[in-house]
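Report on the following structure.
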Amino acid sequence: MPVPGPSRRSWVIPVKDGLRLAVRLQPGARRAGLGGLAALAGGGVALRARVTAVPEGGKANAALIALLAKTWRLPKGAFEIVSGRSDRNKTLLIAGEPESLEARLAAWLRDSEACDTKS
C-alpha cells in the first residue's frame, strides 16, 4: 500500500541523541532485506524489514541490527531496540548526529525507491 507524502517521514523521528526508527520486522523470512515503508494498522508508518533468523533468544533482533548496520554502513553499537523486543513492531534508537543520520536514511530511501521503479 503506498504511503502518502507527509506521513512518509513519520517512521524516523529526530531526537537529541540520534534518530528513533519505527520498524515492522518479519522474522523467519526466506531472504533478509529491507522492503520500503509500510502503513501500520494504528495509522503510523514503519520500515519493513525481513530477517532469516527465528524469533528465539533475541536472534531476530540481532539479525535486524546487523542488517540495518550493514545496509546503512553504521556500527552495530549505534543501534538499540528501545521498545518491541518481543513484538514485530519495534522502535529503535540510532545513536549519532540526527541531521546526518536523517540525510543518510533519506538518501537510502530515495535510492531504494529508484531501484523499485526500474524493476
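Only one of (1) in a loop (DSSP other than H, G, I, E, B); (2) in contact with a strand residue (DSSP E or B) (Cβ under 7 Å, 6 or more places away or on another chain); (3) touching a residue at least 24 places away in the same chain (Cβ under 8 Å) fails for residue 52. Which number is that?
(2)
I need the full set of residues from segment 12-39 which are surrounded by 15 or more Cβ atoms within 10 Å (Cβ to Cβ) and not in a strand (DSSP E or B), in order please.
27, 29, 32
Going through segment 69-88 one residue at a time, which ones are without any contact (Cβ under 8 Å) to a residue 40 or more places away in the chain and not in a loop (DSSP other than H, G, I, E, B)?
Residues satisfying the conditions are 69, 70, 71, 72, 76, 77, 79, 80, 81, 83.
Conditions: (1) crowded, with 18+ Cβ neighbours inside 10 Å; (2) out of contact with any Lys or Arg (no Cβ under 9 Å at 6 or more places or on another chain); (3) among the small types (Gly, Ala, Ser). Residue 46 meets all but one. Number of the miss?
Failing condition for residue 46: (2).
Residue 14 - would you say it is in contact (Cβ under 8 Å) with a residue 24 or more places away in the chain, of a type outside the set (Phe, Trp, Tyr) and under 16 Å from residue 102 (Cβ atoms)?
yes
Looking at segment 64-82 only, could you name the residues that are of a type outside the set (D, E, K, R) and either at pLDDT below 95 or in contact with a Leu (Cβ under 9 Å, 6 or more places away or on another chain) (or both)?
64, 65, 67, 68, 71, 72, 74, 78, 79, 81, 82
Listed residues 42, 57; which is over 16 Å from residue 20 (Cα atoms), assigned to a loop (DSSP other than H, G, I, E, B) and modelled with pLDDT under 90?
Every option except 42 fails the conditions.
For residue 112, work out the one condition from (1) of a type in the set (Ser, Thr, Tyr); (2) assigned to a helix (DSSP H, G or I); (3) touching a residue at least 60 places away in the same chain (Cβ under 8 Å); (4) under 22 Å from residue 17 (Cβ atoms) it doesn't fulfil.
Of (1) of a type in the set (Ser, Thr, Tyr); (2) assigned to a helix (DSSP H, G or I); (3) touching a residue at least 60 places away in the same chain (Cβ under 8 Å); (4) under 22 Å from residue 17 (Cβ atoms), only one is false for residue 112: (4).
Can residue 11 be described as within 13 Å of residue 90 (Cβ to Cβ) and at pLDDT below 95?
The answer is yes for residue 11.
Might you check whether a residue that is farther than 15 Å from residue 19 by Cβ, aliphatic (A, V, I, L, M) and surrounded by 16 or more Cβ atoms within 10 Å (Cβ to Cβ) occurs anywhere in segment 67-90?
Checked segment 67-90: at least one residue is farther than 15 Å from residue 19 by Cβ, aliphatic (A, V, I, L, M) and surrounded by 16 or more Cβ atoms within 10 Å (Cβ to Cβ).
Identify the single condition in (1) modelled with pLDDT of 95 or more; (2) farther than 21 Å from residue 102 by Cβ that residue 49 does not satisfy, given that it satisfies every other one.
Checking residue 49 against (1) modelled with pLDDT of 95 or more; (2) farther than 21 Å from residue 102 by Cβ, the one that fails is (2).
The values are calculated or read from the model by the stated rules, or taken from the named source; none is laboratory data. No experiment lies behind these values; they were computed from the predicted model shown. Cβ atoms come from the backbone with ideal geometry, glycine included; neighbour counts cover every protein chain shown.
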